[in-house]
1. Kindly indicate whether any position in region 118-135 is surrounded by 15 or more Cβ atoms within 10 Å (Cβ to Cβ), in contact with a Lys or Arg (Cβ under 8 Å, 6 or more places away or on another chain), among the aromatic types (Phe, Trp, Tyr) and closer than 17 Å to Tyr18 by Cβ.
2. Which condition number in (1) surrounded by fewer than 12 Cβ atoms within 10 Å (Cβ to Cβ); (2) closer than 17 Å to Leu14 by Cβ; (3) in contact with a Ser or Thr (Cβ under 8 Å, 6 or more places away or on another chain) is the one that Ile42 fails?
3. Of (1) within 21 Å of Asn96 (Cβ to Cβ); (2) at pLDDT below 85, Lys27 satisfies all except one. Which?
4. Using the structure shown, decide if Met57 is in contact (Cβ under 8 Å) with a residue 60 or more places away in the chain and among the hydrophobic types (A, V, I, L, M, F, W, C).
5. Do we have Lys74 as among the charged types (D, E, K, R), at pLDDT 85 or above and in a strand (DSSP E or B) here?
6. Output the number of the condition that Lys21 fails; it satisfies all remaining conditions of (1) within 19 Å of Lys135 (Cβ to Cβ); (2) over 14 Å from the mean Cα position of the chain (by Cα); (3) not hydrophobic (A, V, I, L, M, F, W, C).
7. Within region 45-61, does at least one residue satisfy the condition of being out of contact with any Lys or Arg (no Cβ under 8 Å at 6 or more places or on another chain), at pLDDT 85 or above and closer than 23 Å to Glu122 by Cβ?
Amino acid sequence: MVKFIKPGKVAILLKGRYAGKKAVVVKNYDEGTNDRNYAYAIVAGCEHGPLKITRVMTEKAKIIKRSKIKPFVKIVNYSHMMPTRYVFDLSDKIKNAASMTNLADPSLREEAKKAIKKAFQERHRKGENKWFFNKLRF
């Protein structure tokens, strides 16, 4: 079988709290592990993306507040995500932060989220990958 779910691939989550959200595959486990006997991936995505900014909003504080991104990091079964044809270039910050295998530890998870948030916001400010930060319309 061809393995097409690779790091950087964008997928839509189908089940759970983040159903309908876009996420990037950070690390994949095609054969599973001793803990999990199924194929799964560690994904990072936007719980809610930045809001629209108009010309009228001149206050810098308001613009900064509306351009915040809230990320999530999650372990997802392959059968609960739908891969897309899009690829998201992963920076080393995102790879190192989210690929920690012990995501059960709350302090490690929070550190990973902070690093991912910083990387996503930096990418959004530059105007790269606008489609990733837009809401899915269905």
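The values are calculated or read from the model by the stated rules, or taken from the named source; none is laboratory data. Predicted, not measured: the structure shown is a model, and the values here were computed from it. All Cβ positions, even for glycine, are placed from backbone atoms using ideal geometry, and neighbour counts span all protein chains on display.
1. Scanning region 118-135, I find at least one residue that is surrounded by 15 or more Cβ atoms within 10 Å (Cβ to Cβ), in contact with a Lys or Arg (Cβ under 8 Å, 6 or more places away or on another chain), among the aromatic types (Phe, Trp, Tyr) and closer than 17 Å to Tyr18 by Cβ, so the answer is yes.
2. (1)
3. Only one criterion in (1) within 21 Å of Asn96 (Cβ to Cβ); (2) at pLDDT below 85 is unmet by Lys27, namely (2).
4. Working: in contact (Cβ under 8 Å) with a residue 60 or more places away in the chain: no; among the hydrophobic types (A, V, I, L, M, F, W, C): yes.
Judged against the criteria, Met57 is not a match.
5. Working: among the charged types (D, E, K, R): yes; at pLDDT 85 or above: yes; in a strand (DSSP E or B): yes.
Yes: the conditions hold for Lys74.
6. Checking Lys21 against (1) within 19 Å of Lys135 (Cβ to Cβ); (2) over 14 Å from the mean Cα position of the chain (by Cα); (3) not hydrophobic (A, V, I, L, M, F, W, C), the one that fails is (2).
7. no
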